[in-house]
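Here, each number is a calculation from the coordinates, and none is a lab measurement. No experiment lies behind these values; they were computed from the predicted model shown. Using ideal geometry, Cβ is built from the backbone for each residue, glycine included, and neighbour counts are taken over all protein chains shown.
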Ligand code: AMP
């Protein structure tokens, strides 16, 4: 049975015990509504570490839109099933009040990459992400922590933060897991209507096939996406677009 822990003192005590027994700890932070994308991170951690800790925390400070936070899918029963199946040892379910005991007065700010792509249309988003990840890494103190390339900008920022702050953790990137039709798996896909779900696979197809970012943007708009950005950077094509109320993001190698 997976052990569920909500208290910060308790999880710190447990991870210290593992360290003293020379057991390696792998960590997979999530916001829940787990799917095969999360599962691949969990399985990688289980295969590379003695103990795997996963967390579920829908981190309010990274949502610039209160409705997005309110509507974010919460599927704890299914999540427990996915975690058990993957062989996770401990599920950390922190409480907002304990995590943000400072009322979010202290924050991590990055001044370059976090201001472009998703950062320019979601002010404060990466501040919230970096702050929660720093807090969780300090609490769990894993040897390795696993992040998905689906959120490639997020992965780069977290890896950069850990290096800039000399943190003793290895950040492991994991490939994007996709549905058979090419749509990147995401908890937000659950919020698509059935018509939107039929259109959604065009997102990655167009990003992959268009000759330029500008052509990809134009084609996506023709198909009914409301494009936030398509940009080529670091030999990748990054994009975000709305289908109805749902904001999808993806990136592909070019
Ligand atoms: P989230 O619950 O959306 O915060 O995601 C938790 C972790 O799972 C993050 O590191 C994500 O990048 C990763 N992740 C989410 N979807 C996928 C996917 N389709 N493939 C690989 N990793 C993913």
Estimated FRET transfer efficiency when R0 is 35 angstrom, pair residue 168-residue 190 (beta carbons, to 0.05):
0.45
Between the stretch 67-112 and the stretch 186-254, what's the alpha-carbon centroid distance in Å?
26 Å
For the stretch 102-254, the Rg and Dmax computed from alpha carbons only, in angstrom
16.5, 48
Scattering from the C-alpha atoms of the stretch 31-75 alone, worked out with Debye: what is log10 I(q)/I(0) at q = 0.17 1/Å?
-0.59
Gained length - residue 1 relative to residue 214, 0.36 nm times residue gap less alpha-carbon distance:
71.6 nm
Using per-residue counts of other Cβ atoms within 10 Å, averaged over each peptide, order 56-66, 1-11 from highest down.
56-66, 1-11
DSSP beta bridges in the chain: the antiparallel percent, rounded to 5, is 45 percent
As a check on your grasp of the helix formula, calculate [θ] at 222 nm for the chain: sum -39500 (n - 2.57) over DSSP H runs of n ≥ 4, divide by the residue count, round to the nearest 500.
-12000 deg cm²/dmol
Rounded, prolate or oblate: which one fits the stretch 192-247, using the alpha carbon gyration tensor with axes a ≥ b ≥ c (rounded when a/c is under 1.5, else prolate when a/b beats b/c, else oblate)?
prolate
With an 8 Å Cα cut-off and a minimum separation of 6 or more residues, compute the relative contact order for the chain in percent.
19 percent
Tail beyond 13 Å, pair distance distribution of the stretch 164-206 (Cα, percent)
64 percent
Using only the Cα atoms of the stretch 12-100, build the gyration tensor, take square roots of its eigenvalues as a ≥ b ≥ c, and label the shape rounded, prolate or oblate: rounded if a/c is under 1.5, else prolate if a/b is larger than b/c, else oblate.
oblate
Would you please report the Å³ per residue occupied by the convex hull of the alpha carbon atoms in the stretch 3-174?
111 Å³
Quick check of the Kirkwood formula: for the stretch 118-195, what is the inverse mean of 1/r over all pairs of different Cα atoms, in Å?
14.1 Å
